Amino acid sequence: MTREELLGKKILENCRNQLYLYFPYLDGAFCSMDLKPLYETKRCATDGEFLYFFPEFLMHTYAENPAEVKKGYLHMLFHCLFLHIFQRPVYAEGEVPDDFSVEEIRNLACDISAEFLIDQAAREKKILNFCPENDRNMEIRNTCFSIMRKTEEKYASVHRIFVAVLRGDFPYKPEEMIPVFRWDDHRLWGKCPE
């Protein structure tokens, strides 16, 4: 391993150890994924077996905001725990906007779901440093989460969020929401078992 790869691994191990303090009941999940550098993606990623990282992205993000990396680690772990990496949305033909693929909207719904769950956990545990620094990002997150909390539907489900995005329940276009909620690269996700 290169020096950068070892440092990236140490950063993620440190984040995992800090997350243990807040989420001790997830210890088995934290230990289940090995850490591996991957240069094909310019972000972090998971396939459910490994947590992959692009060393430069990880070091840069950690230097700017270590809490963002902790949140990102939890984001990927929630994708695995809630089986986002295997889910396919159920939709009617013609619902998806022409500018986006079903896959892009599904990825957005998975990311919103993971971030909503993190937001809920952060509120319950009073973890304040999981919030984004950018005011516009914070506005979009807070507005979307507020809409999700006001409804009786359980919006944390990927399918419900997928449908809500297509219906226009959120006052933002997908292209505005994707950079706010995305942390990881989803290209490594497996296929849903038939």
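Taking every pair of distinct Cα atoms and averaging 1/r, then inverting, what Kirkwood hydrodynamic radius in Å comes out for the range 3-115?
Kirkwood radius, the range 3-115: 15.2 Å.
Round to the nearest 0.05 the FRET efficiency obtained for Asn17 and Glu139 when R0 = 35 Å and r is the Cβ-Cβ distance.
0.60
Mind checking the full-extension length gain between Gln120 and Ser32? Use 0.36 nm per residue of separation minus the Cα-Cα distance, one decimal, nm.
Here the answer is 29.3 nm.
Carbon and sulfur: what percent of the chain's accessible surface (1.4 Å probe)?
The nonpolar share, carbon plus sulfur, comes to 52 percent.
Once you have the Cα-Cα distance between Val102 and Arg167, take 0.36 nm times their residue separation minus that, and quote the gain in nm to one decimal.
This chain segment gains 22.0 nm when fully extended.
Could you list, bin by bin from short to long, the percent of Cα-Cα pairs of the chain in 10 Å steps?
9, 36, 37, 16, 2, 0
How long are the semi-axes of the equivalent ellipsoid of the range 1-66, taking √(5λ) for every eigenvalue λ of the Cα gyration tensor, in whole Å from largest down?
Value: 20, 14, 10 Å, ordered largest first.
Give me the 1.4 Å probe accessible area per residue for the chain, excluding ligands and nucleic acids, in Å².
Heavy-atom accessible area per residue stands at 54 Å².
Which entries in the list Lys42/Lys125; Lys10/Lys125; Lys10/Lys173; Lys150/Lys173 go over 27 Å, if you measure between the two C-alpha atoms of each?
Lys42/Lys125; Lys10/Lys173
The values are calculated or read from the model by the stated rules, or taken from the named source; none is laboratory data. Worth saying up front: this structure is predicted, and the values here are computed from it rather than measured. FYI the Cβ positions are ideal-geometry reconstructions off the backbone, even for glycines, and counts take in every protein chain you see. To get the accessible areas, we keep the full protein, side chains included, count just its heavy atoms, and leave off ligands, DNA and RNA. Shrake-Rupley method; radii C 1.70, N 1.55, O 1.52, S 1.80 Å.
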